[in-house]
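This report refers to the structure that appears directly beneath it.
The values are calculated or read from the model by the stated rules, or taken from the named source; none is laboratory data. All values derive from a computational prediction rather than experimental measurement. Glycine gets a Cβ as well: all are built from the backbone with ideal geometry, and neighbour counts include every protein chain shown.
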Amino acid sequence: MRDDMRDDISEPTAGVAVRTWAPGVPVLLVHGSLATGSEEWAAQEPLAEAGYRLLVPDRRGYGRSPSLPGEDFERDADDLVDLLDSIGTIGDAAGAHLVGHSYGGLGALLAAARRPAATRSLALLEPPAFSLAQDDPSARALVTGLRSMWDGGGADDDLEWAVGFLGAVGTDPDTLPPGVLDEIAPLVPVLRHGHPPWDADLPLRELASASFPTLVVSGGHHPGFDAVCDALAAEIGADRLVVEGAGHEIQFTGEPINRALVDLWRRADSGSVPAS
């Protein structure tokens, strides 16, 4: 991205640190666990060249935002609602497109349900909507394995716990670049002591009745996540997509997911009816 398109600032009304990339139609990119916003969404920076104002918050507990003993999807939703309320009108429509990855997807879907008029579209990349699809053996095994880690079945050492967590969500730690595990280990307590995702009260009815288009994406790497995403898409009437190549970190695929996001945003901004 050109330097003159980058404006790294903290939004004064948000309560969290937000990096802003370029002018244009607002897009809120909400990161998952064990990463900051700018780290997780680097492959989406080219979307600024396509006329989008990328707002990239660090969720509480991460990066430059206020610390928390553990991440909390309810607090994330509060912060995202504040951001949606603070974003001005572009043309005839207010608000922003919302994109949430993993744990950040929970805050994004809660915020969208609370501010439907300020949500242009909602894209969810492997959100842990773990109250769904529990009749599917793979989804049930995924949740059972993660719950056992939260209940004390994981390693005491943060680095070992990170390795176990990544394996549980379908990411092979051996495929990560050198040094990444050492970088994320200090962030493990924020995840371990966070509000567990299976406690989320999903606003399925509100999202199903919303007028904005929705998209649910999985990475095609874990049958449990595929089943959860299938169930969520069916419950809220979302389009469903599989983007392979980066495992759970779907946004790292770059062009394939970027193309799908731009298609969603253009359809939403044109007022087209979502595909069934």
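The table that follows gives values for the structure above.
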| quantity | calculated |
| --- | --- |
| Residue in segment 93-105 that is surrounded by fewer than 17 Cβ atoms within 10 Å (Cβ to Cβ) and either hydroxyl-bearing (Ser, Thr, Tyr) or in contact (Cβ under 8 Å) with a residue 12 or more places away in the chain (or both) present | yes |
| Matching option when the condition is modelled with pLDDT of 95 or more, surrounded by fewer than 21 Cβ atoms within 10 Å (Cβ to Cβ), closer than 25 Å to VAL99 by Cα and touching a helix residue (DSSP H, G or I) at 6+ places or on another chain (Cβ under 8 Å), among SER138, SER121, SER131 | SER131 |
| Residue match in segment 253-271 (condition: of a type in the set (A, V, I, L, M) and in a loop (DSSP other than H, G, I, E, B)) | no |
| Residue selected from segment 188-210 under the condition assigned to a loop (DSSP other than H, G, I, E, B) and touching a residue at least 40 places away in the same chain (Cβ under 8 Å), by the criterion surrounded by the most Cβ atoms within 10 Å (Cβ to Cβ) | ALA200 |
| Residues within segment 152-176 that are over 22 Å from the mean Cα position of the chain (by Cα), in a loop (DSSP other than H, G, I, E, B) and surrounded by fewer than 18 Cβ atoms within 10 Å (Cβ to Cβ), tallied | 3 |
| Count - residues of segment 100-151 that are assigned to a strand (DSSP E or B) and either over 19 Å from the mean Cα position of the chain (by Cα) or of a type in the set (Val, Ile, Thr) (or both) | 1 |
| Residue match in segment 118-134 (condition: more than 27 Å from LEU264 (Cβ to Cβ) and of a type outside the set (A, V, I, L, M, F, W, C)) | yes |
| Flag if ARG205 is of a type in the set (Lys, Arg), touching a helix residue (DSSP H, G or I) at 6+ places or on another chain (Cβ under 8 Å) and modelled with pLDDT of 95 or more | no |
| Only listed residue being of a type in the set (A, V, I, L, M), surrounded by 18 or more Cβ atoms within 10 Å (Cβ to Cβ), free of Cβ contacts under 8 Å to residues at least 60 places away in the same chain and closer than 20 Å to GLU39 by Cα, chosen from ALA233, ALA246, ALA185 | ALA246 |
| Qualifying residue in segment 56-70 (condition: buried (at least 19 other Cβ atoms within 10 Å of the Cβ) and either over 22 Å from LEU187 (Cβ atoms) or free of Cβ contacts under 8 Å to residues at least 40 places away in the same chain (or both)) | yes |
| Checklist (1) modelled with pLDDT of 90 or more; (2) surrounded by fewer than 19 Cβ atoms within 10 Å (Cβ to Cβ); (3) more than 23 Å from ALA129 (Cβ to Cβ) applied to ALA48, failing item | (2) |
| From GLY105, GLY61, residue being touching a Pro at 6+ places or on another chain (Cβ under 6 Å), of a type in the set (Gly, Ala, Ser) and under 21 Å from HIS195 (Cα atoms) | GLY105 |
| Filter result (part of a loop (DSSP other than H, G, I, E, B) and over 14 Å from the mean Cα position of the chain (by Cα)) within segment 41-59 | GLY51 |
